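Have a look at the structure below before the remarks.
The values are calculated or read from the model by the stated rules, or taken from the named source; none is laboratory data. Keep in mind that this is a model prediction, so the values were computed, not measured. Methodologically, a virtual Cβ is constructed for each residue, glycine included, from the backbone with ideal geometry; neighbour enumeration extends over all protein chains shown. Note: accessible area is taken over every heavy atom of the protein model, side chains too, but ligands, DNA and RNA are not part of it. Shrake-Rupley method; radii C 1.70, N 1.55, O 1.52, S 1.80 Å.
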Amino acid sequence: MKPVRLAILGLGTVGGGALKLLQENAAEIRRRTGREIEITHVGTRRPRPDLNLPASIKQSADLLDIVRQPDVDVVVEVMGGIHPAYEVMMEAIKHGKQVVTANKALLAEHGNELFKAADDHHVQVAFEAAVAGGIPIIKVIREGLAANKIEWLAGIINGTGNFILTEMSEKGRAFADVLKEAQELGYAEADPTFDVEGIDAAHKLTILASCAFGIPLQFDKVYTEGITKITAQDVKYAEELGYKIKHLGIARRSSKGIELRVHPTLIPEEELLANVNGVKNAVLVQANAVGPTLYYGAGAGAGPTASAVVADVVDIVRDIIYTEDGSGTIPQLAFEALSDLHILSSDEMTTGYYLRLNAEDQTGVLADVTTILSRTGISIDAIMQQPRLKDLIPIVILTDPIVESKMNEAIAQIQALPAIHGEIVRIRLELLDN
């Protein structure tokens, strides 16, 4: 039986990790697939003599040429970025190559076109490594929970943001201080925008929601808010009320449509997700038959992500062996079955809220605030007045769930009160057992 021939495009952290894993665990992988996997090409901008590649593996910077080669059955795209990855993957698909990718940004923004092309050319695009690194969450949703209707999922799906919030919580540190350390440790890039502004998490949530609810990939409809405005003060106040602040990606099915949102979130300190710390990832899935299930592990790094990449390669090799058209077990979008469900705008979404406002120390201010909330139909769950800071009294309010348009209306009215100074801080609150 001839080997399945592989090209790896990109030899950075993930690509190098996948190459190493395929070489070190070759015997174990062959036992599980029944077929030899042969790496025939690697795509790299410059030669990599440090990798000591055998002469049989061709190195080239011409990625389009690599994916056209007849001695390539499977293309592993681990370059990252949108271009030229999009063009290279499209070319691979058109030449009948099976594709494995870890590229969440590309899938979130152009996955609909790529999956449609894959369907048209009867090949697969496997993407387990695009979300949550070593946690096999795509397979869980598409295979393990296939008998279930997914009601909602919530996840810590960016390790950098989780590391920052963990340090702020455990050590009372300021955001800027922890971000600098995250960069020094290699958890955050020199430009950390994708991580701290929630863009990376929004890419991943787009993919998870598509798998969970059978909807097209719609990155532009994800409400996205980062963690740059979270202060040690708010972390402390939240904990005094029995909550932790985590940066969550949430996808929820409701009678009105689908909520897709990424934002800092208060969750009760006894919840499992509240206790996922450091750079770890976790995804909590609520399904109608099995109930809540939690998936936890490393969300990034050479080993975990390479593990997911090679697992997809193994699935594709099995399909090449056992099916005629190679369209077996790898999850991808089934376009004929996609649902045209309404994606809610942020104004239509419903959550509880943590509000912090700084007020002058005078009679009647709190009464004015609570009157506005009551008049807007917002119920108060808790109020906490903090010791004076300079000349102002911090007031913290937790509310019951309310549609966001109502909260926007109330905040505008409270902000206009003469005794309220500075911007009102708003952080959403979720009770994940609901």
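Relative to its residue count, the range 350-429 spans a Cα convex hull of 79 Å³ per residue. Applying a DSSP loop filter and a limit of 14 other Cβ atoms within 10 Å to the trypsin sites (Lys or Arg not before Pro) in the range 256-322 leaves LYS256. Given H placed 1.01 Å from N in the peptide plane, which residues other than close sequence neighbours of ALA188 have an amide H under 5 Å from its amide H? HN-HN under 5 Å from ALA188: GLN183.
Helix 302-322 and the longest principal axis of the Cα set of the chain meet at an angle near 50°.
Look at where the Cα atoms of the range 356-374 and of the range 39-80 average out, and the two centres are 65 Å apart.
For the range 137-298, the calculated P(r), taken from all Cα-Cα distances in 10 Å bins from zero up to the bin holding the longest distance, is 11, 40, 34, 14, 1 percent.
Among the listed pairs LYS94/LYS256; LYS139/LYS171; LYS204/LYS256; LYS180/LYS204, a Cα-Cα separation exceeding 27 Å is found for LYS94/LYS256; LYS139/LYS171. Computed 3J(HN,Hα) for the range 97-114, one whole-Hz value per residue from the Karplus formula 6.51 cos²θ - 1.76 cosθ + 1.60 where θ = phi - 60°, is 8, 6, 10, 10, 9, 10, 8, 5, 5, 5, 5, 4, 9, 9, x, 4, 5, 5, glycine and proline marked x.
Looking at the chain, the accessible area is 42 square angstrom per residue; that uses a 1.4 Å probe and ignores ligands, DNA and RNA.
Summarising the amide proton neighbourhood of VAL100: residues at separation of 5 or more, or on other chains, whose placed amide H is nearer than 5 Å comprise VAL75, VAL76, GLU77, ALA126.
Near ARG388: Cβ cut-off under 11 Å, other residues only, Lys/Arg at +1 and Asp/Glu at -1. The net charge is -2.
Divide by every residue of the chain the summed helix terms, -39500 (n - 2.57) for each DSSP H run of at least 4, and state the resulting mean residue ellipticity at 222 nm, rounded to the nearest 500 deg cm²/dmol. Calculated at 222 nm, the ellipticity per residue is -10500 deg cm²/dmol. Relative contact order, whole percent, for the range 154-282 stands at 35, derived from Cα pairs under 8 Å and 6 or more residues apart.
Computed in the context of the full set of protein chains, the accessible area of the range 137-298 at 1.4 Å probe radius has 51% of its extent on carbon or sulfur. Sequence-ordered 3J(HN,Hα) estimates for the range 124-138 from the Karplus curve with 6.51, -1.76 and 1.60 and θ = phi - 60° stand at 10, 10, 9, 8, 3, 6, 6, 10, 6, x, x, 8, x, 6, 5 Hz, glycine and proline given as x. Charge tally around GLU197: other residues with Cβ under 13 Å, Lys/Arg +1 each, Asp/Glu -1 each, net -4. Only Cα pairs under 8 Å and 6+ residues apart enter the sum, and on that basis the relative contact order of the chain stands at 16 percent.
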